[in-house]
Amino acid sequence: MWNKPWSFKESALIGGGLLVVGTLLQLTIGAIDWSLLSAPINVILLVTYLLVLGVFYAMRKHIYFIAWSMTLHAAIPALLCGVAVTLLMGLTGWDEMLSAWPFVLIYIWLMSIVGLIAFDRILRLFRGPQVASSRLATFTSVLNHAGLFMAMVCGTLGNADMQRLHMTVKVGQPEWRAADADRQGLIQDLPIAIELHSFTIDEYPPQYTIIDNETGQVIQDAPWQIVQDTLFEYAAPRPESDSYVEWRSMGACTASHITALREVSGVTGGSEASKVEGWVSCGSFMFPYRALHLDERCSAVMPEREPKRYASEVTVYSEGGEKVDAVIEVNHPLEIEGWKIYQLSYDEALGRWSDTSVFELVRDPWLPWVYTGIYMLLAGALLTFFTSKKKISQL
Amino acid sequence: MTWSHFPYFALPAVLCWIAGAWFSIKERKAQTFAMTALGILIFFAYIIGMWISLDRPPLRTMGETRLWYSFFMPVAGLITWSRWRYRWILSFSTLMALVFVCINLFKPEIHSTTLMPALQSPWFAPHVIVYMFCYALFGAATCVALFLLVKKHTPQEHKTSSPQTLDLIDNLINVGLSFMTIGMLFGALWAKEAWGTYWAWDPKETWAAITWLCYLVYVHARLHRPTPARNRFCLWFLIFSFACLQMCWWGINYLPAAQGKSVHTYNMK
Ligand code: HEM
């Protein structure tokens, strides 16, 4: 051991050493507080890290450890350590791992190897005459290793600069204050204000299920077939009666008149006894739901309708005087002055009558760097796909 | 088109695939291609039918993703066979597809019919389809690895067939890993659009990272000068990696540590 040339064993020992050192650090100085890394500290750290890696790379011929770090002897056990710590997190569900020293040290080691390889392959691109195919392979390697390095390092260091705020806006009351989603809901004044004009929920057509009268459980194979006769998207129960009327005001619920037919051994029954009709409703914050009693065992119900689309119609004002009208939906955020505004939630008690919309506002100044890394990785994966048909000639 | 029509498409498709596999063992090229492709077309017709009648891509429930898996298994098999002419690869892919068809026949888990807003994104279909294709390739590679590990009792044969068969596995893994990387990054880009963070280490993402790292181990380990011991390590490691992949795919639905934390367990509602 530790006799040159080093191989896998030394790397495994370094991995073990990092885990031990990490555990000691964890026990003495405690978990890492990522929020301490906000700008400019993360920028300084990044520059220092890159400089150190660069100097290491330049000295690789003189320091054996560094030359060895760039071999598969070092990389494979390092990757295995990465698998091991991530596996621990996956099996236990401890999110705290992300700020635990052993985990982070292993990942720093992995990224340092990837960084050195990235340096090496980038320089190799510009060195000497090369055949086209090996230049392409080097280029793919640069995309893979440098892309991963950029995405991981910038994503991690930039995390502290990312702001995630939640803003609750009521119709007709422009709002510019938001609560920090990460730091105990600290209220902040923002350089942008949102005015909500309307909030709407589109829903899928109602569905009907059969439930057990006693347990309330869904019965999958109930011998009843349900036909919808009338559907009121907006309805209210008629007082002192079992029926519903169409009613388009705050609090209206969905109700429909259905006919349930009992299937008798494969044939849909026609006799009076096996046919039940009546109203069902999923209810709203104002009206209770209504079930239709079918027999002593089961009832037909309309489960709450599943949302298809949430949308907020807004006007956004920025301090710089910009004014934007937009519709913000899930999967369709609005981008303005470095902020992205996402549809997050609404007043769930009121459901589709909510006059309140909750937005998530995200600012992530490091995002372009992370995205550059991600797109490099994507290109690398595509190139790997198109160039990976090795050794077919042997066959 | 509903799940009740599934057997009428699945059974003819499977029969075609079995015929294709049989022809490929008999080295009858035209028939192999025709039968396998016909089976793929029949199966794809069902997927399209579901797509149209559901009014959304059938990708949400486990049953629906298994549909794609059974579809991509023979596709991957056929591509591999066309490129490298391994006689038994189609038998493997047919067997895997058959397993998933059977699960869908006997335990379909098909309750949900609607698509919640977060899933209504142009990223959704490519993200899942690319992942399913990669799972199919990794499944095929795992079968071949198992085959090699079991077969090693006959020393002469092992010596001659093993390096080439390992090359086949390498090709499958390289292509599969490219797809996995693409699927994962699509997922990250989509997550950013949908809820503002590209990687949140939720259980599904953690397991996706584990699986990805595992296959990176394999790729790098195979770059190293091969020795019999290393080859055996690689083969065993592939099986371990595939176990992690199962965890990522559906295992976390049953993993106590992941309950109630994942934004990805849509099918559990
Ligand atoms: C996107 C993920 C990755 C892919 C697709 C990938 C792929 C490759 C490929 C194809 C090579 C051989 C070509 C070459 O030497 O340039 C290689 C080499 C190498 N990779 Fe990676 N890699 C990835 C991530 C990593 C990671 C996370 C590590 C960290 C330990 C790593 C460490 C290395 C090392 C040390 C070599 C050099 C091997 C040698 O020259 O002997 N790679 N990688």
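Remarks
- Test: A:N3 is polar (S, T, N, Q), surrounded by 12 or more Cβ atoms within 10 Å (Cβ to Cβ) and more than 16 Å from the ligand (Cβ to nearest atom): no
- Residue in segment A:102-123 that is nearest to the ligand (Cβ to nearest atom), counting only those that are more than 27 Å from the chain's Cα centre (by Cα) and free of Cβ contacts under 8 Å to residues at least 40 places away in the same chain: A:R121
- Residue satisfying all of: in segment A:349-390; more than 20 Å from A:E175 (Cα to Cα) and of a type in the set (D, E, K, R); surrounded by the most Cβ atoms within 10 Å (Cβ to Cβ) among these: A:D364
- With a requirement of 2 or more residues that are among the hydroxyl-bearing types (S, T, Y) and touching a strand residue (DSSP E or B) at 6+ places or on another chain (Cβ under 6 Å), the strands (runs of 3 or more DSSP E) lying completely within segment A:296-371 that satisfy it span A:307-318, A:339-346, A:356-363.
- Which listed residue, of A:A255, A:A222, is under 28 Å from B:L54 (Cβ atoms) and assigned to a strand (DSSP E or B): A:A255
- Cβ-Cβ contacts under 6 Å between residues 6 or more apart (or on different chains), taken from a first residue in segment A:61-74 that is within 14 Å of chain B (Cβ to nearest Cβ) to a second residue that is near the ligand (Cβ under 9 Å from one of its atoms) and assigned to a loop (DSSP other than H, G, I, E, B), are listed as A:L72/B:H224.
- For segment A:148-180, the set of residues classified as within 16 Å of the ligand (Cβ to nearest atom) and part of a strand (DSSP E or B) is empty.
Where a number appears in this text, it was derived from the coordinates with a stated rule and is not lab data. Computed from a predicted structure; not experimentally measured. Using ideal geometry, Cβ is built from the backbone for each residue, glycine included, and neighbour counts are taken over all protein chains shown.
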